[in-house]
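This report concerns only the one structure given below.
The values are calculated or read from the model by the stated rules, or taken from the named source; none is laboratory data. Keep in mind the model is a prediction, meaning the values are calculated, not measured. Heads up, the Cβs are rebuilt from the backbone with ideal geometry, glycines too, and the neighbour counts pull from every protein chain shown.
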């Protein structure tokens, strides 16, 4: 396939450009019989939406989702579910001036090299706007996982620039514009954003996602491991440059006695592996993280070239987030949910005969 | 598919257990007309092979590869290339004692939960032995990339436990058992391995892989981005817990002015993005890294359970590497090469009409 | 995947129910740089549309297609092309009476067994209305094939019930409501339709499709042969029960001396094989045929059961074609075009290095 | 993928050339816990094997299959099952003379056009020898279908040239070298083969396959319908030119009142549709047929060209079947079984929540 379809049994095929008519997707493989309406999807879209606070871009994206198919009398039918989000705020003129130049560290140059043509309006297909579609599809996956398996998928902002948020209170995450798990640090976050605006600069972020309630057994070794597919999903989000499972990059410096998760009849004694062993879920919490680069759309001028190859000094104007990572939490949750539901369907297709194995121990002792 | 096939157009289907009859793979989609023999593949297998120095496991794996099909009179024919590596050193008795217990942090527990049955001999399918197959397939991909495109894919050990190797001399990498890029640090590495043996412990590692000479345009947004597929490939290697592209996880703390790669008519001024922008190669070096956990097979006893759910104290015996990361360099190179060739075939299938775009600038100014 | 995506590199993902909000599809993998607008697609939709003559159903389906994405300033960009056709004539009341019964030989019973739920309105997802989407996607494929390769894909009605049309004048095919290649037989076809309406009955049909101008080399043995993928494509059209390549079913009674296509330096002497040999195109015309069953939606009552398992006498009312095969010609053309473009992209991805082989002979001596 | 992998969840990846080292395959996705040994596979290979009677080619192919992986202590483990069949009778000299000419109606010309190179020894990859691999993989699928679902997949010779075998006694099929379902017609079949040998000619055949005991619900509309995937599977067998489901091609001449399968509380009243409705199995017998062309390898000389483009008179020598269709019965059974198991796994992955629907009626009243 050509890169815009995600998943093997629960597939999401995404389409749409930032300033085109609409963006949307087709979900194929959603199990039948689940109640579903726009009201199940809209809340996650609203969480991702720009313009909800002064700390994110003030573009107005209505992001109203419509279900075009696959639902009958309020229930999924097992046929494809098409979701459509019309683009209402298409101020192309904001972008006309960048039609002939390549913004540094944007996809502009790579797209023209690959396709020989690009829709420059708002980044076209490479715009973060496309991620709204993933959030919408992820909401459907999350609903199924929650209702059928009791699995919850939740994320939070773990770091923004120099500010590391290591105290996690899940009850706070959705109460602030930053998805910060620590309410006491919000003033610091606000101050940093204000400073960045003044500096004409941007900053990176770290998001952590945790899935709780997973059954053991999800993941298909050797290539389509659960963690490998999580990595594919998260590295596929715009601006992500690093992905971790469990202890992540710091395992390079760890010792075996320190890292291994010992097991007792009462449960696991630790979760350094982040819930995945040999590429298969263990029943512990799935814990993963993603690092998002600072957006390159900043007002501090930078060197670039135009489409004739001439040197230009480039200064991005328009409405941009000083930290695109802030809005990435619902996107990351969505991608993790899409991986999990796909692996659930694959696993139960192949292993329907397997009796739940004994001994099965608790996620935590 | 069910997880043992990698790639879309250049596919590798892997099979085999650590102590079964043989391991091997089928490569489907290799372009026809390339000269190929076992001699093109064996050197990379020998680089990965255990027992080549006292710093890695002393198991004797002959790892002699045979080409069973797809090559005629010394050239590839475009039909499937089957590679076979027979298992010659199958001392199952070493492993009989672990048949009824789950080694902590190994795949044992997850496999039994998923499949209800497991081949416990040497880890069966979850053994690192399976990675020999990837190295063999990767050697075929590397040859094509080098001969047709002038692309080289090379890796090195960037960190082992606390020892960070930041001086890179490519000429040294294949001259030592550690794939260290800095000959002067080898005594330190040797001392650490000796210490770990005495401690009955193990340590993690960081491998970096660099692909040079890539054309711009490889990668299929939005889901099958080049970097997303690299992440899938590398996180799919046994024991990997983190994957980075370019600046990787540390982008979370960076500013936009610091991270963005400015462009001039003479070339890029930096490569923080690791050669990928918007999921598509830019023509700069592709730079990625993977963190490998310390092996859980250590002689220091650890808590675990047996197949009846009883608590046991587990002490792994047998021949194990104190740092499995040492042998991971050729594996990581192979996986990167497999991603690149697959994307090359996909790209030229879809975009054969595209004229090389102007302006195309140099990887580095 | 879950069955609503067609193709590997040029993929079409279809969605929508007969009486839902809309039907449509996402085309992923269309090469960039081709001019495209709704005007390139609408004519084929109009050819398929019901209500264009008194010989087909009088339902009014507007079938106005809109391009939602993937086209910028009149040219394809290489990103997904979403096509949308809104449903405007949704007289569900016509179908309310069949909500609780299973129409004989319709998909009703099979859908409820598979999914436990079905959208009964007009057949829901199993309605022939879904094929409008294929025609739209096929129009895009046909345009590329024609412009880049000079390949034309054309079909005609070869048989309707007892009437066999064996004189082919391509110039006539699109001049009549039957896609008859023989204008002189049209009165017979009209008389048969009138008779069927009086009888409350329906009749089957045979469609033949011919692709001219194909390069040799398309098709991926051994499973994804060109002819195997054509068979998959055509048997996947509603109501098709048989598919033939070249001489088709009658090869069972033929002798080798009669069937083999001899070759001379001037070209092939015959085309019994229908343009495919060993699963690969030979450069001759691709010739295939499909047999379409008589529609089961007839006014003559038939035995069936209701959703409680009780016997019922079933008489389909509403607007139905006495011969659904009449409208199948553009659908079959579309499916053949989709197979050809997909194989073209796959072939040139893998075999870009292959020099056009000598000797290459003419399709016909 | 590149054409040598069949299936989505139960995949078979085939490799090997007629006169290479070995042929074989990797089965990925076989459910764990099924007992399996070579003895489960060998009987079907022996049924397909040449040289078992004087009516088929006297080549000696030992066709001894070995299981290389995926089975532990006599049971499948859920990991890939590699099957290997070594080539023992490689008399390449028989074929040396055809290295520089293209046999009419063979794949020779198409392969050289596609790949620019071909393994001419015995047809290389395009040889019917490759089908041994499919038979081996199909035997694994058949075993699972039989043991877990009570589904049997059986075929027979329905026509050879002018001889139509319409009396079916399943007990006779495997008692004769022709897979004839009617013992009384065997002398006629023998006489025809003898005549063809004298004439230096060959003849086509029709094979019919019936699967009994299928649950309703298998098949994924709209593209991956059960019948569409059967068509893909059967048209993908060497030399097949036509595929039918149920009444097949003759539906073109039928009326709706004649073709529709009426339903009663006691069961279906007929099975014209061959067990598939809307692309989904109904629970009735799946009935399909395939037409196999007369082999082009005949001793009567025919016109062809050599690799310099010169006209040659071609006379195939060597050991060839006057009717390759005779040996196709086990191959066709295997392909049907592979489609069924794949759809079973897909169906139960997606629809595990669906309660068996009421009313479910009998296959036959």
- Checklist (1) more than 7 Å from chain B (Cβ to nearest Cβ); (2) assigned to a loop (DSSP other than H, G, I, E, B) applied to residue A:217, failing item: (1)
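Condition check ((1) closer than 24 Å to residue D:85 by Cβ; (2) out of contact with any helix residue (DSSP H, G or I) (no Cβ under 8 Å at 6 or more places or on another chain); (3) touching a residue at least 60 places away in the same chain (Cβ under 8 Å); (4) not in a loop (DSSP other than H, G, I, E, B)) across all residues:
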| position | (1), (2), (3), (4) |
| --- | --- |
| D:106 | yes, no, yes, no |
| D:113 | no, yes, no, yes |
| D:122 | yes, no, yes, yes |
| D:142 | yes, no, yes, yes |
- How about segment D:232-267: which of its residues are within 28 Å of residue C:198 (Cβ to Cβ) and assigned to a loop (DSSP other than H, G, I, E, B)? D:246, D:247, D:254, D:260, D:261, D:262
- Task: Taking only segment D:319-365 into account, find how many residues are assigned to a loop (DSSP other than H, G, I, E, B) and touching a helix residue (DSSP H, G or I) at 6+ places or on another chain (Cβ under 6 Å).
- Result: 3
- Item | Sole exception among (1) surrounded by fewer than 21 Cβ atoms within 10 Å (Cβ to Cβ); (2) at the interface with chain C (Cβ under 7 Å from one of its Cβ atoms) for residue D:261, by number | (1)
- Message: Exactly one condition in (1) free of Cβ contacts under 8 Å to residues at least 24 places away in the same chain; (2) buried (at least 24 other Cβ atoms within 10 Å of the Cβ) is false for residue B:353; which is it?
- Response: (2)
- Would you please list the contacts, defined by Cβ atoms under 6 Å and residues six or more apart or on different chains, that run from a residue in segment D:273-293 that is on the phi > 0 side of the Ramachandran plot to a residue that is at pLDDT below 95 and in a loop (DSSP other than H, G, I, E, B)? D:278/C:107; D:283/D:363
- Query: Taking the stated definitions as given, is residue D:273 part of a loop (DSSP other than H, G, I, E, B), closer than 20 Å to residue D:233 by Cβ and facing chain C (nearest Cβ under 8 Å)?
  - Reply: yes
- Within segment D:322-343, identify whether any single residue is in contact with a strand residue (DSSP E or B) (Cβ under 6 Å, 6 or more places away or on another chain) and free of Cβ contacts under 8 Å to residues at least 60 places away in the same chain, and answer yes or no. no
- How many residues, within segment A:71-88, are more than 7 Å from every other protein chain (Cβ to nearest Cβ) and under 22 Å from residue C:27 (Cα atoms)? 6
- Item | Odd one out for residue B:353 among (1) within 14 Å of chain C (Cβ to nearest Cβ); (2) touching a strand residue (DSSP E or B) at 6+ places or on another chain (Cβ under 9 Å) | (2)
- What's the number of the condition residue B:228 fails, among (1) over 30 Å from residue A:257 (Cα atoms); (2) assigned to a helix (DSSP H, G or I); (3) more than 7 Å from every other protein chain (Cβ to nearest Cβ)? (3)
- Query: If you scan segment D:167-204, which residues turn out to be in contact with a strand residue (DSSP E or B) (Cβ under 8 Å, 6 or more places away or on another chain) and in a loop (DSSP other than H, G, I, E, B)?
  - Reply: D:168, D:178, D:179, D:180, D:181, D:201, D:202, D:204
- For residues that are on the phi > 0 side of the Ramachandran plot and surrounded by fewer than 17 Cβ atoms within 10 Å (Cβ to Cβ), scanning just segment C:173-213, find the one that is farthest from the chain's Cα centre (by Cα). C:200
- From the set of residues in segment C:145-169 that are touching a helix residue (DSSP H, G or I) at 6+ places or on another chain (Cβ under 7 Å) and over 22 Å from residue C:363 (Cα atoms), which is surrounded by the fewest Cβ atoms within 10 Å (Cβ to Cβ)? C:162
- Query: Does segment D:265-275 contain at least one residue that is over 26 Å from residue D:336 (Cα atoms) and more than 28 Å from the chain's Cα centre (by Cα)?
  - Reply: yes
- Query: Does residue C:303 satisfy the criteria of being closer than 30 Å to residue D:266 by Cβ and surrounded by fewer than 24 Cβ atoms within 10 Å (Cβ to Cβ)?
  - Reply: yes
- For segment D:284-318, the count of residues that are in a loop (DSSP other than H, G, I, E, B) and either farther than 29 Å from residue C:231 by Cα or within 7 Å of another protein chain (Cβ to nearest Cβ) (or both) equals 16
- Query: For residue A:346, are the conditions met, namely being within 14 Å of chain D (Cβ to nearest Cβ), farther than 24 Å from residue A:42 by Cβ and in contact (Cβ under 8 Å) with a residue 12 or more places away in the chain?
  - Reply: yes
